[in-house]
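The structure appears right after this line, and notes come after that.
The values are calculated or read from the model by the stated rules, or taken from the named source; none is laboratory data. Bear in mind that the values here come from a model prediction, so they are computed numbers and not experimental data. Neighbour counts are summed over all protein chains in view; Cβ atoms, including those assigned to glycine, are modelled from backbone coordinates with ideal geometry. When the accessible area is computed, the model is the full protein with side chains, heavy atoms only, and any ligands, DNA or RNA have been set aside. Shrake-Rupley method; radii C 1.70, N 1.55, O 1.52, S 1.80 Å.
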Amino acid sequence: MNMGIQEIKGDALSKKATPGKATVLALGKGFPHQLVMQEFLVDGYFRNTNCDDPELKEKLNRLCKTTTVKTRYVVMSEEILNKYPELAIEGQPTVTQRLDICNKAVTQMAIEASQACILNWGRPISDITHLVYVSSSEARLPGGDIYLAKGLGLKPETNRVMLYFAGCSGGVAGLRVAKDIAENNPGSRVLLATSETTIIGFKPPSADRPYDLVGVALFGDGAGAMIIGSDPDPSTERPLFELHSAIQHFLPDTEKIIDGRLTEEGISFKLDRALPQIIEDNIEGFCGKLMDNIGMSNKDYNKIFWAVHPGGPAILNRLEKRLNLSPEKLSASRRALADYGNASSNTIVYVMEYMMEESKKINKEDKNDEDEWGLILAFGPGVTFEGILAKNLTMST
């Protein structure tokens, strides 16, 4: 499969990292070759699934406008549908075919995102000591970590961890795990890789499953990668973010709010309408636990940066309103959503890239310490909150 690679460049002038604290040393991303423009999605989806229901088509048209997504990368193609026409037929047992496609696609995307990340890092691949692999788009034994390690040529002694089916919070969960590994293994360098494709849940439109159309309008495919390590070598490494503290919290009795099940037809996925409200109701208490570490309170929300996984515009809008954030605070998340859709665990990498880009512009206009500290946040099944208090080291000193 012909995948595209994009590198994420760091700032040549990075602030000094705190000794012993984990830092993000490089970012990378990879995508399938097919880019879909949102305005052409509806006609193509209904044509490919041989559906002519005007009500469902109108509903999807409305959803495509409200999601604010403009472009997305997808693995699905006419070539795949020609080879596996049963994917577009209601009720067909196609999990075997889906996994055949997904397993190969996520590995290839993860390899290319990791290669871009390692190239940007600038050190040899043999210096990687640990691998954390995240995906909700595959299922096999051995897992995708082995195929990624083999595809990259990692040494057999590389210590591996897999996080499967963590959903949209998987990227930040993986970053939390990588932080712990880096800080407890001096000299280690951890490769975090995430890779996702929507083929595992692709279905034809159905009046019995109107909620499926939300996913059609919102989700995208791709991969992300980071290198994490403590005590950067100043001669070869430029730290991007320092990871100060990380926490996770699940909300009891919310298991059905984000509900995904692996069936004979692939993953059946439901998002409850209450999700944005649930996140809004719990966000302040969660963020407060992180901000307390540096003596900040709810009065300081606009003095920090916000790298938030863009689960959808409703979630971002509610956070902005509840926290009384200035519009620019969530601009990196909104840009990532517009350019890539909700790409599940990968999306936080894209948000952090835009965060770096925007911080450079701010520094040129107003050199102060606001936005030096910030929060990296994501929300996933559970309902689970993942959060990391971080420092942006790319801001000019």
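Details
- Enumeration of residues in segment 117-144 that are aliphatic (A, V, I, L, M) and open to solvent by 10 Å² or more (accessible area, probe 1.4 Å): 118, 119, 125, 139, 141
- Flag not set for residue 291, criterion: open to solvent by 30 Å² or more (accessible area, probe 1.4 Å), farther than 19 Å from residue 347 by Cβ and more than 21 Å from the chain's Cα centre (by Cα).
- Residues in segment 90-108 that are touching a residue at least 40 places away in the same chain (Cβ under 8 Å) and within 30 Å of residue 153 (Cβ to Cβ): 98, 99, 101, 102, 103, 104, 105, 106, 107, 108.
- For residue 225: the one exception among (1) of a type in the set (A, V, I, L, M, F, W, C); (2) under 20 Å from residue 127 (Cα atoms); (3) open to solvent by 20 Å² or more (accessible area, probe 1.4 Å): (3)
- In segment 159-208, the residues that are of a type in the set (S, T, N, Q) and open to solvent by 10 Å² or more (accessible area, probe 1.4 Å): 159, 184, 185, 198, 206
- Those residues of segment 29-43 which are open to solvent by 10 Å² or more (accessible area, probe 1.4 Å) and part of a helix (DSSP H, G or I), in sequence order: 38, 39, 40, 41, 43
- Only one of the numbered conditions (1) touching a residue at least 24 places away in the same chain (Cβ under 8 Å); (2) more than 13 Å from residue 223 (Cα to Cα) is not met by residue 82, and that is (1).
- Any hit, segment 20-28, residues being among the hydroxyl-bearing types (Ser, Thr, Tyr), modelled with pLDDT of 95 or more and either within 22 Å of the chain's Cα centre (by Cα) or open to solvent by less than 30 Å² (accessible area, probe 1.4 Å) (or both): yes
- Output for segment 86-116, where each listed residue is in a loop (DSSP other than H, G, I, E, B) and either at positive phi or open to solvent by 40 Å² or more (accessible area, probe 1.4 Å) (or both): 89, 90, 91, 92, 93
- Filtering segment 361-371 for residues that are open to solvent by 40 Å² or more (accessible area, probe 1.4 Å), in contact with a helix residue (DSSP H, G or I) (Cβ under 7 Å, 6 or more places away or on another chain) and modelled with pLDDT of 95 or more leaves an empty set.
- Of note, residue 263 does not satisfy the criterion of being open to solvent by 30 Å² or more (accessible area, probe 1.4 Å), of a type in the set (Val, Ile, Thr) and closer than 20 Å to residue 348 by Cα.
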